[in-house]
Amino acid sequence: MFDLKGKTALVTGGSRGIGRAICEALAKQGAHVAVNYVRGEENARAVVTAIEAAGGTAELAGFDVGHMAEAETAVTALAKKLGKLDILVANAGISIDGLLLRLKEDDLDRLFAVNVKGSLGCAKAAVKSMMRTKGGRIIFVSSVVGEMGNAGQTAYAASKAALLGITKSLAREYASRNITVNAIAPGFIETDMTHALPEAARSELNKAIPLGRVGTAAEIAAAAVYLASDEGGYVTGQTLRVNGGMYV
Ligand code: NAP
């Protein structure tokens, strides 16, 4: 089950957190994984080393997803170098939180540049390569707040909700090309992004999660492996919610 031998994959934001877990999980199933990062080259190298130590293969793919044209060019070059790109996991993301009254246009632009436009730039290049090889898997990492909203996260939620519209549209646009497009909507997951939360906020959060705990990056990675696999081949245009029951 979930055999990815012979597949090539790119995971954006693969140097840390959820992206790192996805890189390791795809590689464990046999995929050759390109680990994208923007600043964290050392972390990304550590991911490649860990994959190789576990018997897999991986390489670095540093580029800024926050510049759509740069992302598109980089993914095109990567697909050419690898000979094909079977799996794209558009995971790189940032959060800039705050109440609407404090929202700055620059912050909104940055959020959309990385979370939405960058993901689209990667998908555009991936689709071109996948059309040539007659198939592929695109997985966007959205968020539970893209569906349920969250006070203080309007701009972030908007960017993550945008990914769900993109997922549905691209799924319809490329189904005839044997390219599936899905989203994963994680709940609250233990990573750098959530470490910053104070203890009181974390315990409040746990109360709002029916399973009573935050999730792990590995639990998101398992969903990505499923969607990337042949076994997930009849799933497209869907949002796979991995959130401990926080939003049902
Ligand atoms: P994280 O620990 O903050 O890691 C973010 C990753 O994205 C890093 O690898 C970072 O690379 C990369 N990145 C950021 N900006 C980039 C850019 N411009 N170009 C290329 N890479 C960039 O985040 P995380 O918690 O693992 O979250 C991963 C994804 O899941 C995000 O899209 C996030 O919105 C989503 N998500 C997270 C949670 C959660 O609870 N953690 C919940 C729902 C959704 P560098 O190391 O080079 O900076």
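Laboratory data are not the source of any read-out in this text; all were calculated from the coordinates shown. Everything quoted here is computed from the prediction, not taken from an experiment. Neighbour counts are summed over all protein chains in view; Cβ atoms, including those assigned to glycine, are modelled from backbone coordinates with ideal geometry.
Some observations on this one:
- Residue match in the range 15-23 (condition: under 21 Å from residue 133 (Cβ atoms) and not in a helix (DSSP H, G or I)): no
- Flag if residue 71 is within 20 Å of residue 218 (Cβ to Cβ) and surrounded by 15 or more Cβ atoms within 10 Å (Cβ to Cβ): no
- Among the residues of the range 134-143, those that are more than 16 Å from the ligand (Cβ to nearest atom) and either within 21 Å of residue 94 (Cβ to Cβ) or surrounded by fewer than 16 Cβ atoms within 10 Å (Cβ to Cβ) (or both) comprise 134, 135.
- Among residues of the range 176-205, those that are under 20 Å from the mean Cα position of the chain (by Cα) and assigned to a helix (DSSP H, G or I), counted: 4
- Within the range 1-26, if we keep just the residues that are more than 16 Å from the ligand (Cβ to nearest atom) and buried (at least 18 other Cβ atoms within 10 Å of the Cβ), the residue that is nearest to the chain's Cα centre (by Cα) turns out to be 8.
- With respect to the conditions (1) in contact (Cβ under 8 Å) with a residue 60 or more places away in the chain; (2) touching a helix residue (DSSP H, G or I) at 6+ places or on another chain (Cβ under 8 Å); (3) farther than 22 Å from residue 2 by Cα, residue 190 falls short on a single one, namely (1).
- Test: residue in the range 173-186 that is farther than 21 Å from residue 114 by Cα and of a type in the set (Phe, Trp, Tyr): yes
- Scanning the range 139-155 for residues that are farther than 25 Å from residue 11 by Cα, in contact (Cβ under 8 Å) with a residue 24 or more places away in the chain and either small (Gly, Ala, Ser) or in contact with a Ser or Thr (Cβ under 6 Å, 6 or more places away or on another chain) (or both) returns 151, 152.
- Apart from one condition, residue 48 fits all of (1) closer than 23 Å to residue 125 by Cβ; (2) touching a residue at least 24 places away in the same chain (Cβ under 8 Å); (3) buried (at least 17 other Cβ atoms within 10 Å of the Cβ); the exception is (2).
- For residue 79, the conditions (1) crowded, with 22+ Cβ neighbours inside 10 Å; (2) within 16 Å of the ligand (Cβ to nearest atom) are fulfilled apart from (2).
- Scan the range 206-241 for residues that are assigned to a strand (DSSP E or B) and within 14 Å of residue 139 (Cα to Cα) and the total you get is 3.
- The single residue among 151, 201, 196, 218 that is of a type in the set (A, V, I, L, M), touching a helix residue (DSSP H, G or I) at 6+ places or on another chain (Cβ under 7 Å) and more than 24 Å from residue 134 (Cα to Cα) turns out to be 218.
- Total residues in the range 47-73, condition within 11 Å of the ligand (Cβ to nearest atom) and more than 20 Å from residue 118 (Cβ to Cβ): 0
- Candidate set: the range 155-206, residues that are in contact with a strand residue (DSSP E or B) (Cβ under 6 Å, 6 or more places away or on another chain) and surrounded by fewer than 22 Cβ atoms within 10 Å (Cβ to Cβ); chosen: the one farthest from residue 16 (Cα to Cα): 171
- Selected residue (criterion: nearest to residue 78 (Cα to Cα)) from residues of the range 27-42 that are assigned to a loop (DSSP other than H, G, I, E, B) and within 10 Å of the ligand (Cβ to nearest atom): 38
- Among the residues making up the range 28-45, those that are crowded, with 22+ Cβ neighbours inside 10 Å and under 24 Å from residue 143 (Cα atoms) are 33, 34, 35, 36, 37, 44.
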